[in-house]
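Peer 1: Take this structure first; my questions come after.
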Amino acid sequence: METRELEHVVYEKDGPIARIILNNPASANAQTAQMVHSVNEALDDAQYDYDIKVVILKANGKGFCSGHIPTGDYPEFRAELEASGKVWRSAAQLFLWPVLKLWEFPKPLIAQVHGYAIGGGTTWALIPEITVCSEDTWFQMPLVPGFGLPGSETMFEPWVFMNYKRAAEYLYTAQRLTAAEALEFGLVNRVVAADQLEATVEELATKIAKAPLITLQATKAGIVRAWETMGFRTHQQASNDLQAVVTGSQEFQQYVAELMKKSAKPSERA
């Protein structure tokens, strides 16, 4: 097995299976800029390694991913603020184009989720076409009440829920979904005991990898293009634009100032 230590990510290649492992547990696997870039680097390598047929995205630590860093103080954001006084293109740089890269990744992708997936972390947990989670997992997008933001830079929820009403309540109220509810809503493929999670995912990846790579890629292309035909890619770009509109408003800035007085924790604000 080949192992590479990237910034906040461990990347493994083991026969036909690659593993991208989020590795910043001391910070709840928050999406640092370095982590985003490392995930992209690993995806690029796995895409053009013709021995790799399946990629597993998982995490070390108590939970999968807690989303963006709480301060939102990204170097890319600072650079654009200094240049134009606005965060828009830099948000796309970190949290639009990498999400679309994940969605368009041309090989089978399995998210192995445990503990929690929050905010931007839910994009990595739920956008892969297969998600297997442990019974203790919960999912939440706290951005509407917790940050005053219209969801993440990529509003993928209408697509994974495929249910107008459930997606709306989930986003409006920062609804916290259990693994069982996520399974009922069709957001995940399987829910298993925590001590069976890794074995289940590895078995599934091995089963998928039995097919020819070109066949797997053609199948994945058919699935992705169906969603693309229905407007998924355009809608994700519009989400980033809408967030830029909201964050530039006085109403948003006043709301955030009031929230920060109440609590620094998004979960408590929501």
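The values are calculated or read from the model by the stated rules, or taken from the named source; none is laboratory data. All values derive from a computational prediction rather than experimental measurement. Here Cβ is always computed from backbone atoms with ideal geometry, including for glycine, and neighbour counts include all displayed protein chains. The accessibility values were calculated without ligands, DNA or RNA, using every heavy atom of the protein model including side chains. Shrake-Rupley method; radii C 1.70, N 1.55, O 1.52, S 1.80 Å.
Peer 1: Restricting attention to the range 51-61, does a residue exist that is in a strand (DSSP E or B) and among the charged types (D, E, K, R)?
Peer 2: Yes, the range 51-61 contains a residue that is in a strand (DSSP E or B) and among the charged types (D, E, K, R).
Peer 1: Looking only at the range 73-123, how many residues end up being small (Gly, Ala, Ser) and closer than 16 Å to Met141 by Cα?
Peer 2: Matching residues across the range 73-123 total 5.
Peer 1: I would also like to ask the following. Give Lys107, Lys53, Lys101, Lys58 a once-over and let me know the one that is more than 26 Å from Thr178 (Cβ to Cβ) and under 14 Å from the mean Cα position of the chain (by Cα).
Peer 2: On inspection, the qualifying residue turns out to be Lys101.
Peer 1: Being in contact with a Lys or Arg (Cβ under 7 Å, 6 or more places away or on another chain), more than 29 Å from Gly119 (Cβ to Cβ) and not aliphatic (A, V, I, L, M) is the filter here, so list the residues in the range 166-221 that pass it.
Peer 2: Gln217
Peer 1: Starting from residues that are modelled with pLDDT of 85 or more and hydroxyl-bearing (Ser, Thr, Tyr), keep the ones in the range 237-270 and report whichever is nearest to the chain's Cα centre (by Cα).
Peer 2: Per the stated criteria, the residue is Ser239.
Peer 1: Does the range 21-42 include one or more residues that are under 16 Å from Ala209 (Cβ atoms) and open to solvent by less than 20 Å² (accessible area, probe 1.4 Å)?
Peer 2: The answer is no, given that none of the residues of the range 21-42 is under 16 Å from Ala209 (Cβ atoms) and open to solvent by less than 20 Å² (accessible area, probe 1.4 Å).
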